[in-house]
1. Taking Val63 and the conditions (1) aliphatic (A, V, I, L, M); (2) assigned to a loop (DSSP other than H, G, I, E, B); (3) touching a residue at least 60 places away in the same chain (Cβ under 8 Å), which numbered condition does it fall short on, given that it satisfies the others?
2. Being touching an Asp or Glu at 6+ places or on another chain (Cβ under 7 Å), in contact (Cβ under 8 Å) with a residue 60 or more places away in the chain and either crowded, with 23+ Cβ neighbours inside 10 Å or not in a helix (DSSP H, G or I) (or both), is that true of even one residue in region 91-98?
3. I need a count of the residues in region 99-124 that are of a type in the set (A, V, I, L, M, F, W, C), open to solvent by 40 Å² or more (accessible area, probe 1.4 Å), within 15 Å of the chain's Cα centre (by Cα) and modelled with pLDDT under 95.
4. Run Ala78 past the list (1) surrounded by fewer than 14 Cβ atoms within 10 Å (Cβ to Cβ); (2) touching a residue at least 12 places away in the same chain (Cβ under 8 Å); (3) among the small types (Gly, Ala, Ser) and report the number of the one that doesn't hold.
5. For region 6-27, which residues satisfy the criterion of being part of a strand (DSSP E or B) and small (Gly, Ala, Ser)?
6. Could you list, in sequence order, the residues of region 28-40 that are modelled with pLDDT of 95 or more and open to solvent by 50 Å² or more (accessible area, probe 1.4 Å)?
7. Please enumerate the residues belonging to region 12-27 that are of a type outside the set (S, T, N, Q), open to solvent by 20 Å² or more (accessible area, probe 1.4 Å) and in contact with a strand residue (DSSP E or B) (Cβ under 6 Å, 6 or more places away or on another chain).
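The values are calculated or read from the model by the stated rules, or taken from the named source; none is laboratory data. Given the structure is predicted, the values throughout are model-derived calculations rather than measurements. When we count neighbours, we look across all protein chains shown, and the Cβ atoms used for this are built from the backbone with ideal geometry, even at glycine. When the accessible area is computed, the model is the full protein with side chains, heavy atoms only, and any ligands, DNA or RNA have been set aside. Shrake-Rupley method; radii C 1.70, N 1.55, O 1.52, S 1.80 Å.
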Amino acid sequence: VQLQASGGGLVQAGGSLRLSCAASGRTLSSFGMGWFRQAPGKEREFVASIDWSGGMKNHADSVKGRVTIPRDNAKNTAYLQMNTLKPEDTAVYYCAADSRRCDYIMEAHNMDYWGKGTQVTVSS
């Protein structure tokens, strides 16, 4: 499966962004989906994840209450809706697919496919 993340940009603190992850080559319902981010000089970290059906989700403590992770299997697209953005949310955001589609607890080293990142910059 090929993944294409989009929707990043420059936003002021307190603003919102919705990132999209479009899949091609295989149906998205075959995968659990995760979002990760990497800030300059830091390791890639988990943001949020969702199982194949959308019934089970997980969020990092740093974003809990500020992000949702919907998915639309009919459109072969997963999303990361981010609200009340903070400067510390600035990072390159990556979507990734997990072939163990019932998984919703995810770690970067367990993901099977990665999209290219999209830059999110939050100004103070």
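1. So the condition that Val63 fails would be (3).
2. Residues of region 91-98 touching an Asp or Glu at 6+ places or on another chain (Cβ under 7 Å): 97-98.
Going one step further and asking which of them are in contact (Cβ under 8 Å) with a residue 60 or more places away in the chain, we end up with 97-98.
With the extra rule that they be either crowded, with 23+ Cβ neighbours inside 10 Å or not in a helix (DSSP H, G or I) (or both), the set shrinks to 97-98.
Yes, that holds for at least one residue.
3. Step one: of region 99-124, the residues of a type in the set (A, V, I, L, M, F, W, C) are 102, 105-106, 108, 111, 114, 120, 122.
Adding the requirement that they be open to solvent by 40 Å² or more (accessible area, probe 1.4 Å) leaves 102, 105, 114.
Imposing the further condition that a residue be within 15 Å of the chain's Cα centre (by Cα) reduces the set to 105, 114.
Next, only the ones that are modelled with pLDDT under 95 stay: 105.
Residues in region 99-124 being of a type in the set (A, V, I, L, M, F, W, C), open to solvent by 40 Å² or more (accessible area, probe 1.4 Å), within 15 Å of the chain's Cα centre (by Cα) and modelled with pLDDT under 95: 1 in total.
4. (1)
5. Ser6, Gly9, Ser20, Ala22, Ala23, Ser24
6. Residue satisfying the conditions is Gln38 alone.
7. Ala13, Leu17, Arg18, Ala22, Gly25
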